[in-house]
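Visitor: I'd like to ask you about the structure that follows.
The values are calculated or read from the model by the stated rules, or taken from the named source; none is laboratory data. Quick caveat: nothing in here was measured; it's all calculated off a predicted structure. A quick note on method: Cβ atoms are made from the backbone with ideal geometry, for glycine too, and the neighbour counts reach across all protein chains shown. Just so you know, the surface numbers come from the protein's heavy atoms only, side chains and all, with ligands and any DNA or RNA stripped out. Shrake-Rupley method; radii C 1.70, N 1.55, O 1.52, S 1.80 Å.
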Amino acid sequence: MTISAISVQPEHAGDIAWLAAEAMVKEVKLTPKPGLVDRRNNGAHSDMNFMHFMASIRAVSPWFPRFYAQGVATAGLPASQTLRAIRPTGLACEQAMFKATGGINTHKGGIFSLGLLCAAAGRLAKNAIRLSQHSLCREIRAMCAGLVGNELSNPGQAKTQGEQIFQAFGLTGARGEAEKGFDTVRRYGLPQWENVLRAGGSEEEALLRMLLALIAANPDTNLVSRGGMRGLNYARRYATRLLKIRDLSGETLTKALRHMDNAFIQKNISPGGSADLLAVGWLLSHYPAS
(Lines give C-alpha, C1' and ligand atoms only; values in the text may rest on other atoms or scores of the structure.)
Protein backbone atom coordinates (compact mmCIF):
# COMPACT_ATOMS: atom_id res chain seq x y z
CA MET A 1 0.00 0.00 0.00
CA THR A 2 2.54 2.58 -1.11
CA ILE A 3 2.97 5.18 -3.82
CA SER A 4 6.50 5.29 -5.20
CA ALA A 5 6.52 8.72 -6.82
CA ILE A 6 5.32 12.16 -5.85
CA SER A 7 4.03 12.80 -9.36
CA VAL A 8 1.49 9.96 -9.39
CA GLN A 9 -1.87 11.23 -10.58
CA PRO A 10 -5.18 9.35 -10.28
CA GLU A 11 -6.25 8.03 -13.66
CA HIS A 12 -9.83 7.19 -12.73
CA ALA A 13 -12.32 8.90 -10.44
CA GLY A 14 -12.61 5.77 -8.30
CA ASP A 15 -8.88 5.93 -7.52
CA ILE A 16 -9.71 8.38 -4.75
CA ALA A 17 -10.74 5.47 -2.51
CA TRP A 18 -7.23 4.03 -2.83
CA LEU A 19 -5.69 7.45 -2.28
CA ALA A 20 -7.75 7.86 0.91
CA ALA A 21 -6.28 4.67 2.36
CA GLU A 22 -2.78 5.65 1.25
CA ALA A 23 -3.24 9.08 2.84
CA MET A 24 -3.72 7.38 6.21
CA VAL A 25 -0.53 5.39 5.68
CA LYS A 26 1.43 8.52 4.72
CA GLU A 27 0.19 10.36 7.82
CA VAL A 28 1.10 7.71 10.40
CA LYS A 29 4.49 6.88 8.83
CA LEU A 30 5.55 10.52 8.70
CA THR A 31 8.25 11.05 11.36
CA PRO A 32 8.87 13.00 13.55
CA LYS A 33 5.43 14.46 14.26
CA PRO A 34 4.93 16.58 17.40
CA GLY A 35 2.74 14.86 19.98
CA LEU A 36 1.47 12.31 17.45
CA VAL A 37 1.97 8.59 16.94
CA ASP A 38 4.69 7.89 14.37
CA ARG A 39 7.58 5.46 13.76
CA ARG A 40 9.67 7.16 16.47
CA ASN A 41 7.27 7.01 19.42
CA ASN A 42 3.64 7.22 20.56
CA GLY A 43 3.70 10.98 21.01
CA ALA A 44 1.46 12.15 23.83
CA HIS A 45 -0.66 8.99 23.58
CA SER A 46 -0.34 6.27 26.20
CA ASP A 47 -3.22 4.20 24.81
CA MET A 48 -2.17 3.72 21.17
CA ASN A 49 0.87 3.00 19.02
CA PHE A 50 1.99 2.62 15.42
CA MET A 51 0.64 -0.94 15.14
CA HIS A 52 -2.82 0.18 16.29
CA PHE A 53 -2.85 2.67 13.43
CA MET A 54 -1.79 0.12 10.84
CA ALA A 55 -4.43 -2.36 12.04
CA SER A 56 -7.01 0.42 11.86
CA ILE A 57 -6.01 1.33 8.30
CA ARG A 58 -6.40 -2.29 7.19
CA ALA A 59 -9.89 -2.38 8.69
CA VAL A 60 -11.00 1.03 7.41
CA SER A 61 -9.64 0.92 3.85
CA PRO A 62 -12.28 -1.41 2.35
CA TRP A 63 -14.98 1.10 3.28
CA PHE A 64 -13.72 3.96 1.13
CA PRO A 65 -15.02 2.45 -2.14
CA ARG A 66 -18.44 2.24 -0.45
CA PHE A 67 -18.39 5.97 0.30
CA TYR A 68 -17.54 6.58 -3.35
CA ALA A 69 -20.34 4.25 -4.53
CA GLN A 70 -22.88 6.06 -2.36
CA GLY A 71 -21.77 9.34 -3.86
CA VAL A 72 -22.45 7.89 -7.31
CA ALA A 73 -25.83 6.52 -6.20
CA THR A 74 -26.99 9.86 -4.78
CA ALA A 75 -25.50 12.12 -7.47
CA GLY A 76 -28.94 13.13 -8.74
CA LEU A 77 -30.17 14.15 -5.29
CA PRO A 78 -29.46 17.31 -3.27
CA ALA A 79 -25.98 17.29 -1.79
CA SER A 80 -27.28 17.17 1.78
CA GLN A 81 -28.93 13.82 1.06
CA THR A 82 -25.55 12.30 0.27
CA LEU A 83 -24.34 13.28 3.73
CA ARG A 84 -27.34 11.53 5.27
CA ALA A 85 -26.85 8.50 3.04
CA ILE A 86 -23.22 7.93 4.04
CA ARG A 87 -23.74 8.29 7.80
CA PRO A 88 -24.59 4.59 8.36
CA THR A 89 -21.51 3.64 6.34
CA GLY A 90 -19.40 5.99 8.43
CA LEU A 91 -20.69 4.47 11.65
CA ALA A 92 -20.08 0.94 10.37
CA CYS A 93 -16.58 1.94 9.33
CA GLU A 94 -15.93 3.33 12.80
CA GLN A 95 -17.08 0.04 14.33
CA ALA A 96 -14.64 -1.83 12.09
CA MET A 97 -11.90 0.49 13.35
CA PHE A 98 -12.81 -0.06 17.00
CA LYS A 99 -12.89 -3.83 16.49
CA ALA A 100 -9.44 -3.78 14.91
CA THR A 101 -7.91 -1.57 17.62
CA GLY A 102 -9.61 -2.99 20.69
CA GLY A 103 -11.80 0.07 21.17
CA ILE A 104 -9.15 2.73 20.49
CA ASN A 105 -10.10 5.76 18.38
CA THR A 106 -7.28 6.03 15.87
CA HIS A 107 -9.08 7.38 12.79
CA LYS A 108 -12.54 8.70 13.59
CA GLY A 109 -11.67 12.13 12.19
CA GLY A 110 -9.95 10.60 9.18
CA ILE A 111 -12.94 8.43 8.37
CA PHE A 112 -15.16 11.51 8.43
CA SER A 113 -12.96 13.70 6.24
CA LEU A 114 -11.72 11.10 3.77
CA GLY A 115 -15.14 9.46 3.52
CA LEU A 116 -16.60 12.83 2.56
CA LEU A 117 -13.97 13.25 -0.16
CA CYS A 118 -14.72 9.82 -1.60
CA ALA A 119 -18.47 10.49 -1.62
CA ALA A 120 -17.96 13.91 -3.21
CA ALA A 121 -15.81 12.33 -5.92
CA GLY A 122 -18.56 9.83 -6.65
CA ARG A 123 -21.12 12.60 -7.09
CA LEU A 124 -18.81 14.59 -9.37
CA ALA A 125 -17.82 11.61 -11.47
CA LYS A 126 -21.44 10.57 -12.00
CA ASN A 127 -22.25 14.12 -13.12
CA ALA A 128 -19.24 14.19 -15.46
CA ILE A 129 -17.50 16.97 -13.50
CA ARG A 130 -13.71 16.93 -13.52
CA LEU A 131 -12.14 16.16 -10.17
CA SER A 132 -10.01 18.99 -8.84
CA GLN A 133 -9.22 20.48 -5.46
CA HIS A 134 -11.78 23.18 -6.16
CA SER A 135 -14.58 20.89 -7.36
CA LEU A 136 -14.10 18.37 -4.55
CA CYS A 137 -14.06 21.01 -1.82
CA ARG A 138 -16.98 22.89 -3.35
CA GLU A 139 -19.00 19.66 -3.37
CA ILE A 140 -18.15 18.97 0.26
CA ARG A 141 -19.24 22.49 1.21
CA ALA A 142 -22.59 21.75 -0.41
CA MET A 143 -22.88 18.36 1.27
CA CYS A 144 -22.07 19.81 4.71
CA ALA A 145 -23.98 23.10 4.49
CA GLY A 146 -25.51 23.85 7.90
CA LEU A 147 -23.70 20.97 9.58
CA VAL A 148 -22.26 23.04 12.44
CA GLY A 149 -25.56 24.74 13.15
CA ASN A 150 -27.51 21.49 13.03
CA GLU A 151 -25.17 19.41 15.18
CA LEU A 152 -23.29 21.79 17.47
CA SER A 153 -25.49 24.84 18.02
CA ASN A 154 -28.39 23.12 19.74
CA PRO A 155 -29.00 24.56 23.21
CA GLY A 156 -28.95 22.30 26.22
CA GLN A 157 -26.45 19.97 27.80
CA ALA A 158 -23.50 19.08 25.59
CA LYS A 159 -23.26 15.30 25.14
CA THR A 160 -20.06 14.96 23.15
CA GLN A 161 -16.62 16.47 23.58
CA GLY A 162 -17.09 18.35 20.30
CA GLU A 163 -20.30 19.92 21.61
CA GLN A 164 -18.63 20.83 24.89
CA ILE A 165 -15.72 22.55 23.15
CA PHE A 166 -18.07 24.39 20.81
CA GLN A 167 -20.21 25.66 23.69
CA ALA A 168 -17.16 26.67 25.72
CA PHE A 169 -14.95 28.18 23.02
CA GLY A 170 -16.94 28.35 19.76
CA LEU A 171 -14.54 25.99 17.96
CA THR A 172 -16.20 23.86 15.29
CA GLY A 173 -13.61 21.10 14.79
CA ALA A 174 -13.84 18.63 11.93
CA ARG A 175 -17.42 19.65 11.13
CA GLY A 176 -16.39 23.25 10.64
CA GLU A 177 -13.46 22.30 8.42
CA ALA A 178 -15.74 20.21 6.23
CA GLU A 179 -18.44 22.88 6.08
CA LYS A 180 -15.80 25.33 4.83
CA GLY A 181 -14.57 22.88 2.21
CA PHE A 182 -11.24 22.26 3.96
CA ASP A 183 -10.30 25.90 3.56
CA THR A 184 -7.46 25.59 6.10
CA VAL A 185 -5.84 22.86 4.02
CA ARG A 186 -6.08 24.83 0.80
CA ARG A 187 -5.03 28.21 2.23
CA TYR A 188 -2.21 27.11 4.52
CA GLY A 189 -1.26 23.45 4.11
CA LEU A 190 -1.03 22.94 0.36
CA PRO A 191 1.00 26.12 -0.33
CA GLN A 192 3.73 24.80 2.02
CA TRP A 193 3.67 21.43 0.23
CA GLU A 194 3.97 23.08 -3.16
CA ASN A 195 6.76 25.45 -2.07
CA VAL A 196 8.93 22.64 -0.74
CA LEU A 197 8.52 20.46 -3.83
CA ARG A 198 9.10 23.44 -6.11
CA ALA A 199 12.39 24.08 -4.30
CA GLY A 200 13.48 20.48 -4.83
CA GLY A 201 12.62 19.16 -1.37
CA SER A 202 11.43 15.64 -0.65
CA GLU A 203 7.85 14.51 -0.19
CA GLU A 204 8.53 13.80 3.49
CA GLU A 205 9.87 17.31 4.01
CA ALA A 206 6.88 18.77 2.19
CA LEU A 207 4.51 16.82 4.43
CA LEU A 208 6.31 17.94 7.59
CA ARG A 209 6.14 21.58 6.51
CA MET A 210 2.47 21.17 5.61
CA LEU A 211 1.81 19.72 9.07
CA LEU A 212 3.51 22.69 10.72
CA ALA A 213 1.42 25.09 8.65
CA LEU A 214 -1.76 23.27 9.65
CA ILE A 215 -0.86 23.27 13.35
CA ALA A 216 -0.16 27.01 13.12
CA ALA A 217 -3.48 27.81 11.43
CA ASN A 218 -5.94 25.16 12.59
CA PRO A 219 -8.04 25.75 15.75
CA ASP A 220 -7.48 22.09 16.60
CA THR A 221 -10.05 20.79 19.07
CA ASN A 222 -7.83 17.81 19.89
CA LEU A 223 -5.30 20.25 21.34
CA VAL A 224 -8.05 22.00 23.29
CA SER A 225 -9.43 18.73 24.68
CA ARG A 226 -6.01 17.92 26.16
CA GLY A 227 -4.54 21.31 27.01
CA GLY A 228 -7.38 23.82 26.86
CA MET A 229 -6.99 27.08 24.95
CA ARG A 230 -3.55 27.50 26.52
CA GLY A 231 -2.45 24.25 24.88
CA LEU A 232 -3.88 25.29 21.53
CA ASN A 233 -2.23 28.70 21.61
CA TYR A 234 1.09 27.19 22.69
CA ALA A 235 1.06 24.75 19.77
CA ARG A 236 0.10 27.39 17.23
CA ARG A 237 2.79 29.80 18.41
CA TYR A 238 5.40 27.05 18.39
CA ALA A 239 4.56 26.02 14.80
CA THR A 240 4.45 29.62 13.63
CA ARG A 241 7.88 30.28 15.13
CA LEU A 242 9.41 27.27 13.37
CA LEU A 243 7.95 28.27 10.01
CA LYS A 244 9.78 31.60 10.28
CA ILE A 245 13.18 29.90 10.48
CA ARG A 246 15.26 30.47 7.36
CA ASP A 247 16.18 27.25 5.51
CA LEU A 248 13.98 25.04 7.71
CA SER A 249 14.83 21.81 5.91
CA GLY A 250 16.84 18.61 6.17
CA GLU A 251 18.41 17.88 9.55
CA THR A 252 17.47 21.34 10.83
CA LEU A 253 13.78 20.54 10.29
CA THR A 254 14.11 17.06 11.80
CA LYS A 255 15.87 18.32 14.94
CA ALA A 256 13.35 21.13 15.39
CA LEU A 257 10.45 18.70 15.15
CA ARG A 258 12.04 16.28 17.61
CA HIS A 259 12.33 19.12 20.14
CA MET A 260 8.74 20.10 19.39
CA ASP A 261 7.65 16.48 19.88
CA ASN A 262 9.37 16.32 23.27
CA ALA A 263 7.72 19.59 24.32
CA PHE A 264 4.27 18.40 23.26
CA ILE A 265 4.73 15.09 25.08
CA GLN A 266 5.72 16.95 28.24
CA LYS A 267 2.56 19.06 27.99
CA ASN A 268 0.46 16.01 26.98
CA ILE A 269 -0.95 17.69 23.87
CA SER A 270 -1.50 16.20 20.43
CA PRO A 271 -2.66 17.97 17.21
CA GLY A 272 -4.82 15.09 16.00
CA GLY A 273 -7.15 17.33 14.01
CA SER A 274 -4.22 18.73 12.06
CA ALA A 275 -2.99 15.19 11.39
CA ASP A 276 -6.38 14.40 9.83
CA LEU A 277 -6.12 17.53 7.68
CA LEU A 278 -2.62 16.47 6.63
CA ALA A 279 -4.10 13.31 5.12
CA VAL A 280 -6.71 15.44 3.36
CA GLY A 281 -3.98 17.69 2.01
CA TRP A 282 -1.90 14.81 0.69
CA LEU A 283 -4.93 13.37 -1.10
CA LEU A 284 -5.93 16.73 -2.60
CA SER A 285 -2.37 17.27 -3.83
CA HIS A 286 -2.98 14.59 -6.44
CA TYR A 287 -5.59 16.74 -8.17
CA PRO A 288 -5.20 20.03 -10.04
CA ALA A 289 -6.12 23.12 -8.07
CA SER A 290 -9.01 24.12 -10.32
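Visitor: Classify region 142-246: rounded, prolate or oblate, from the alpha-carbon gyration tensor (a ≥ b ≥ c, eigenvalue square roots; a/c under 1.5 rounded; otherwise prolate if a/b is larger than b/c)?
Guide: Oblate, because a/c is 1.5 or more while a/b does not exceed b/c.
Visitor: If you don't mind, there's one more thing I want to ask. Expected output is a single nm value to one decimal: the length gained when fully extending between LEU243 and ARG138, i.e. 0.36 nm times separation in residues minus the C-alpha distance. What is it? Walk me through the numbers before you get to the answer.
Guide: On the way: separation 105, 0.36 × 105 = 37.80 nm, distance 2.88 nm.
Value of the extension gain: 34.9 nm.
Visitor: Could you rank ASP276, ASP247 by how accessible they are, 1.4 Å probe, largest area first? Please report the intermediate quantities before stating the final value.
Guide: Working: ASP276 40, ASP247 120 Å².
Listed by decreasing accessible area, they come as ASP247, ASP276.
Visitor: State the answer as a single residue: which of ILE111, GLY281, SER270 lies farthest towards the positive end of the charge dipole of the chain, with beta carbon charges of +1 for Lys and Arg and -1 for Asp and Glu, about the Cα centre.
Guide: SER270
Visitor: Related question: Do any trypsin sites (Lys or Arg not before Pro) in region 134-236 lie in a loop, going by DSSP, with at most 11 other beta-carbon atoms within 10 Å of their beta carbon, and if so which?
Guide: Numbers: sites: ARG138, ARG141, LYS159, ARG175, LYS180, ARG186, ARG187, ARG198, ARG209, ARG226, ARG230, ARG236; in loops: LYS159, LYS180.
Those satisfying the criteria are LYS159.
Visitor: Now a separate question. With a 10 Å radius around each residue's Cβ, average the other Cβ atoms per peptide and rank 215-221, 35-41, highest first.
Guide: Values: 215-221: 24.6, 35-41: 21.3.
Most protected by this proxy first, the peptides run 215-221, 35-41.
Visitor: Normalised by the number of residues in the chain, what is the relative contact order in percent for Cα pairs under 8 Å and 6+ residues apart? Each step should come with its number before you reach the end.
Guide: Values: 459 pairs, mean separation 71.4, N = 290.
It comes to 25 percent, rounded to a whole number.
Visitor: Provide the gained length on full extension for the span LEU91 to LYS29, in nm with one decimal, where the gain is 0.36 nm per separating residue minus the Cα-Cα distance.
Guide: Working: separation 62, 0.36 × 62 = 22.32 nm, distance 2.54 nm.
That works out to 19.8 nm of additional length.
Visitor: Using alpha-carbon positions, what is the distance between the centroids of region 171-197 and region 206-258, in Å?
Guide: Rounded to whole Å, the Cα centres lie 14 Å apart.
Visitor: Follow-up. Any chance you could run the full-extension gain for ASN195 through ASP47? It's 0.36 nm times the residue separation minus the Cα-Cα distance, nm to one decimal.
Guide: Details: separation 148, 0.36 × 148 = 53.28 nm, distance 3.57 nm.
Length difference between fully extended and current span is 49.7 nm.
Visitor: Past the 28 Å Cα-Cα mark, which pairs from LYS29/LYS126; LYS26/LYS255; LYS26/LYS99; LYS26/LYS108; LYS108/LYS244; LYS33/LYS126?
Guide: On the way: LYS29/LYS126 33 Å; LYS26/LYS255 20 Å; LYS26/LYS99 22 Å; LYS26/LYS108 17 Å; LYS108/LYS244 32 Å; LYS33/LYS126 38 Å.
Distance filter (> 28 Å) returns LYS29/LYS126; LYS108/LYS244; LYS33/LYS126.
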